[in-house]
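Undergrad: Structure in structure tokens, see below.
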Amino acid sequence: HAKNCGKNNAKLYSSSLTMQIMSHVKLEVGLRKALKNEELYLLYQPQIDVRSAEIVGVEALVRWRHPERGIISPNEFIPLAEETGLIVPIGEWVLRTACSQAKAWQRQTKRLVRMAVNLSAKQFKDENLTQIVISALHDTGLDPKLLELELTEGTLMDDARATMATLEQLRAIGVYLSIDDFGTGYSSMNYLKRFDVRALKIDKSFICGLPQDSENAAITRAIIAMAHGLKMAVVAEGVETDEQLVLLEEFGCDMVQGFYLGHPSPHDSITLMLQKVCTIAAPAK
Ligand code: C2E
Ligand code: MG
Ligand code: MG
Ligand code: MG
């Protein structure tokens, strides 16, 4: 009897595994066509300077409008894109689209907003990365200072020598480097002084329990103090409430990003926000 049970379980397991593999393969086939079929698009989430309350940057966040399944989150398809190598052409499209949008806002609103783009480990390791960045900046005319590349701790820890070389090339281009999801990865404090990183983005898992969670408050405060000691700026991610914003301001956090300040939005909503802030801010100056 016990054996039968085992068999049945194995069968059940294998058929659900088959289904999993099949849907994975289907998604992969779809993802290969997504770029060409223009099913990918970007949303932009504002980053607000705590002191001036102005939008100083936006983060580009990719979405996939799947013809049958509807909108698929990057948490689902970016890992697949990484596995298959599709992240390289997709990442290049994201970079070009984001740079060109940043330049368009500059023209339309006369405001300088930094455009933050996420880079996955596989993109960072691609030997053509710096060339892709240079040509995206060149073709769009965007000032390198206004392009922020978000790396993760894992990406930087991978292979010291190759990492150093790539970071040096990116530094030479003049782009703004930041560390995303800071505090969640496997990291050594050593790389913070060796690499020319301009900002740390505190992961939203530390922010979400604030202000009540005293441990996360201590961690957040310590990250801010460390970053400032190293002349780096700090962005808090996942700010959802006014109480969180008040505490982060008290801690001296430089920039905030989160649903409380603005959801990831289509480009034209950001254009309106940039124009609004401009007209409201103008008389005060
Ligand atoms: P991330 O880079 O850490 O981006 C922040 C994520 O937090 C976004 O999720 C954003 O929508 C979400 N978020 C923003 N504010 C709040 C908030 O107040 N509360 C909560 N709970 N969440 C908030 P999203 O857009 O689903 O992206 C997920 C991840 O996918 C990103 O995390 C990033 O690692 C990756 N990703 C997105 N776009 C790209 C891309 O173009 N290239 C690469 N390589 N990765 C991307
Ligand atoms: Mg990010
Ligand atoms: Mg990221
Ligand atoms: Mg993050």
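Undergrad: May I ask you to say which residue of 183, 154, 258 is within 16 Å of ligand 2 (Cβ to nearest atom), in contact with an Asp or Glu (Cβ under 6 Å, 6 or more places away or on another chain) and modelled with pLDDT under 95? Break it down into steps so the answer makes sense when it comes.
TA: On the way: 154 fails: in contact with an Asp or Glu (Cβ under 6 Å, 6 or more places away or on another chain); 258 fails: modelled with pLDDT under 95.
Answer to the selection: 183.
Undergrad: Would you pick out the residues in the stretch 163-180 that are modelled with pLDDT of 95 or more, closer than 15 Å to residue 121 by Cα and of a type in the set (Gly, Ala, Ser)?
TA: Matches in the stretch 163-180: 178 only.
Undergrad: Return the only residue of 73, 135 being under 17 Å from the mean Cα position of the chain (by Cα) and without any contact (Cβ under 8 Å) to a residue 40 or more places away in the chain. If you could, list the steps in order and put the result at the bottom.
TA: Working: 135 fails: under 17 Å from the mean Cα position of the chain (by Cα).
Answer to the check: 73.
Undergrad: Right, another one. Out of the residues in the stretch 177-206 that are within 16 Å of ligand 4 (Cβ to nearest atom) and assigned to a helix (DSSP H, G or I), which is surrounded by the most Cβ atoms within 10 Å (Cβ to Cβ)?
TA: 206
Undergrad: Condition first: more than 25 Å from residue 239 (Cβ to Cβ) and touching a residue at least 24 places away in the same chain (Cβ under 8 Å). Can you find one or more residues in the stretch 195-207 that meet it? Talk me through it step by step, then tell me what you get.
TA: First, the residues of the stretch 195-207 that are more than 25 Å from residue 239 (Cβ to Cβ): 195-196.
Next cut, touching a residue at least 24 places away in the same chain (Cβ under 8 Å) only: 195-196.
Checked the stretch 195-207: at least one residue is more than 25 Å from residue 239 (Cβ to Cβ) and touching a residue at least 24 places away in the same chain (Cβ under 8 Å).
Undergrad: Would it be correct to say that residue 108 is without any contact (Cβ under 8 Å) to a residue 12 or more places away in the chain and part of a helix (DSSP H, G or I)? Break it down stepwise before answering.
TA: Numbers: without any contact (Cβ under 8 Å) to a residue 12 or more places away in the chain: no; part of a helix (DSSP H, G or I): yes.
It is false that residue 108 is without any contact (Cβ under 8 Å) to a residue 12 or more places away in the chain and part of a helix (DSSP H, G or I).
Undergrad: Scanning for something within 16 Å of ligand 3 (Cβ to nearest atom), buried (at least 20 other Cβ atoms within 10 Å of the Cβ) and closer than 20 Å to residue 199 by Cβ, does the stretch 132-146 turn up at least one residue?
TA: Filtering the stretch 132-146 for residues within 16 Å of ligand 3 (Cβ to nearest atom) gives none.
Checked against the condition, which is being within 16 Å of ligand 3 (Cβ to nearest atom), buried (at least 20 other Cβ atoms within 10 Å of the Cβ) and closer than 20 Å to residue 199 by Cβ, the stretch 132-146 yields no hits at all.
The values are calculated or read from the model by the stated rules, or taken from the named source; none is laboratory data. Fair warning: this is a prediction, and the values are worked out from it, not measured in the lab. Neighbour counts run over all protein chains shown; Cβ positions are idealised from the backbone, glycine included.
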